[in-house]
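Beneath this line is the structure, given in structure tokens, with notes to follow.
The values are calculated or read from the model by the stated rules, or taken from the named source; none is laboratory data. Predicted model only: the values in this text are computed from it and were never measured. Cβ atoms come from the backbone with ideal geometry, glycine included; neighbour counts cover every protein chain shown. To get the accessible areas, we keep the full protein, side chains included, count just its heavy atoms, and leave off ligands, DNA and RNA. Shrake-Rupley method; radii C 1.70, N 1.55, O 1.52, S 1.80 Å.
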Amino acid sequence: MSPDLSAYRPNVGVVLFHPDGRVWLGRRAKTPAPYNWQFPQGGVDAGEDLETAARRELAEETGVSSVALLGRTDGWLTYDFPPEHTGKLARGFKGQRQVWFAFRFDGEEAEIDLE
């Protein structure tokens, strides 16, 4: 039985591959170890195309926009928030539903801007 997707916050995630085989992984500021590493990801605005959302989140979190789409997951992947999670993302949602995208970085490394 499939979960009720309306109970899950829509979200996209990005795995960014460098042509030399490296993968971008970011450390979250102000988040204690060991759970402070993640791939770029974030919420989808109402009516926003999923690939557009993935490109926007990638640019917002890394400064990177010179990318080529490699692929994406089919359909939504869901997970429930832990019971103690009361953060702003919860906002009445049971968890998140995600579509993951793989992009190849085609720019210069100077494009990366974490500020």
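Model label points for residue 76 and residue 59, set 7 angstrom from Cα along the Cα-to-Cβ axis, are 2.6 nm apart.
Normalised radius of gyration for region 15-81, please: alpha carbon Rg relative to 2.2 N^0.38 Å, two decimal places. All intermediate terms of the calculation are to be shown ahead of the outcome.
Values: Rg = 13.3 Å, N = 67, 2.2 N^0.38 = 10.9 Å.
It is 1.22.
Remark: region 65-71, residue by residue, has Karplus-estimated 3J(HN,Hα) of 10, 8, 9, 10, 5, 9, x Hz, where x stands for each Gly or Pro and the curve is 6.51 cos²θ - 1.76 cosθ + 1.60 at θ = phi - 60°. Treating the angle as unsigned and between 0 and 90°, give the value, to the nearest 10°, between the Cα long axis of helix 50-62 and the longest Cα principal axis of the chain. On a 0 to 90 degree scale, this one is about 60.
For the chain, modelled as a Gaussian network with Cα springs under 10 Å, which listed residue fluctuates most, 83, 19, 40? The residue that fluctuates most here is 83. The simple spin-label model puts a point 7 Å past each Cα toward its Cβ; for residue 106 and residue 50 those points are separated by 2.2 nm.
Computed over the chain with a Gaussian network model linking Cα atoms closer than 10 Å, the most mobile of 28, 56, 104 is 28. Of 76, 37, 24, the order by accessible heavy-atom surface (1.4 Å probe, DNA, RNA and ligands excluded), from most exposed downward, is 37, 76, 24.
Between residue 27 and residue 66, the FRET efficiency from the beta-carbon distance, with R0 = 25 Å, is close to 0.65.
Using the crude model of +1 on Lys and Arg Cβ and -1 on Asp and Glu Cβ, and no other charge, please compute the dipole size for the chain relative to its Cα centre, in debye to 20.
Working: 13 positive and 18 negative charges, 108 e Å.
So the dipole magnitude of the chain works out to roughly 520 debye.
Model label points for residue 114 and residue 17, set 7 angstrom from Cα along the Cα-to-Cβ axis, are 2.4 nm apart.
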